[in-house]
Amino acid sequence: MSRPLISTPPGETGDPATTAGAATVPRPGPVARRRRRRFRTHLVVFVAPAVAIYTVFMVYPLLDSLRLSLFASRDGVQTFVGLDNFVRLLSDDLLAGAFWNAVWNNLLFFAVHFVVQNPIGLLLAALLAAPKLRGRATYRTLLFIPTTLSVVIVGFIWQLILSPVWGFVDTPLLGQSSTALITLALMSVWQYIGIPMLLFYAVLVSIPDDLVEAATIDGANAWTTFWRVKFPLILPTVGIVSVITYVANLNAFDLIYTVKGALAGPDFASDIMGTLFFRTFFGFQLQQGSSSMGATVATMMFLLIMAGVLLYFFGWQRRVESYQL
């Protein structure tokens, strides 16, 4: 009895001769399959509104400010002058003195926050992370409440507290050139100490208990455990908090303007880059405003901030070892 003939398509198992003569088509590998994937357009839909808002209110003003710093108004016409505005800002007798005074005050304002605010925030976070502490949620809320207050309210309250007439001190701390800036910096520390506290607290509570228990078994006390076990693990967060503090303090303006006004008295002792920019750009009292010089001051602020951020990235972040908790 003869067997029926079955037609086998090329490339499938069947007649050996047919199979041998069929061309083998390789399947696309994972790289080729990834290349063929369609672009996820829904991601653009979700990201586009945020990018558009950030571009309109952040990127464009920054670029326009950089552009404006290269121009000067001559006979009512904006004329390109290159770096002449920067040369004038750094060499003119009146402008240079005010600029370097503001830069020095800004760095001192940041130093007070770096030396006082961040260590106290770390101490409070370590206390809140203690396993035997009761009512930690209440303490966290009370310590963070000043951060949510309006800077106008904070400035007004501290002016009343520090007033020699009806306050708690006999010395006019806000009225003396030697103490005005330090006092304003400490007022800012009191208001914003909750931010580094929460950042440090979030990292401390994420440290595994096994590491702490192992250090305790080896005979380490609470102080040794913190500095030898916990602190090396939160070093990356220390760097992040430091650079956030630097950027925020070089952009400071509202508290000093609320308490001391645009002149940042007494005798410009509390003048910082923000108040100098305000007076230069908008003018104040008898001082005539200049949009070009104001943009030049703003550009110098941007360059100082960028220098500090680059120093953090290349001088700190690359040398600190991060651990996966």
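None of the figures in this text is laboratory data; all of them are computed from the coordinates on show. The structure displayed is predicted, hence computed values, not measured ones. Quick reminder, even Gly has a Cβ in these numbers, built from the backbone with ideal geometry, and neighbours come from all protein chains shown.
Which one is surrounded by the most Cβ atoms within 10 Å (Cβ to Cβ), of the residues in the stretch 36-93 that are more than 31 Å from the chain's Cα centre (by Cα) and among the aliphatic types (A, V, I, L, M)?
Ala72
Quick one: in the stretch 274-314, which of the residues that are assigned to a helix (DSSP H, G or I) and among the polar types (S, T, N, Q) is nearest to the chain's Cα centre (by Cα)?
The extreme case among them is Thr299.
Looking at the stretch 79-105, which of its residues are under 16 Å from Ala295 (Cα atoms), of a type outside the set (A, V, I, L, M, F, W, C) and without any contact (Cβ under 8 Å) to a residue 12 or more places away in the chain?
Matches in the stretch 79-105: Thr79 only.
Looking at the stretch 251-273, which of its residues are within 23 Å of the chain's Cα centre (by Cα), part of a loop (DSSP other than H, G, I, E, B) and among the hydrophobic types (A, V, I, L, M, F, W, C)?
Residues satisfying the conditions are Ala252, Phe253, Ile272.
With the requirement that a residue be assigned to a loop (DSSP other than H, G, I, E, B) and buried (at least 20 other Cβ atoms within 10 Å of the Cβ), what does the stretch 163-207 give you?
Ile193
Considering only residues that are touching a Ser or Thr at 6+ places or on another chain (Cβ under 8 Å) and aromatic (Phe, Trp, Tyr), look in the stretch 54-108 and name the one that is farthest from Ile256 (Cα to Cα).
Checked the stretch 54-108; the qualifying residue farthest from Ile256 (Cα to Cα) is Phe71.
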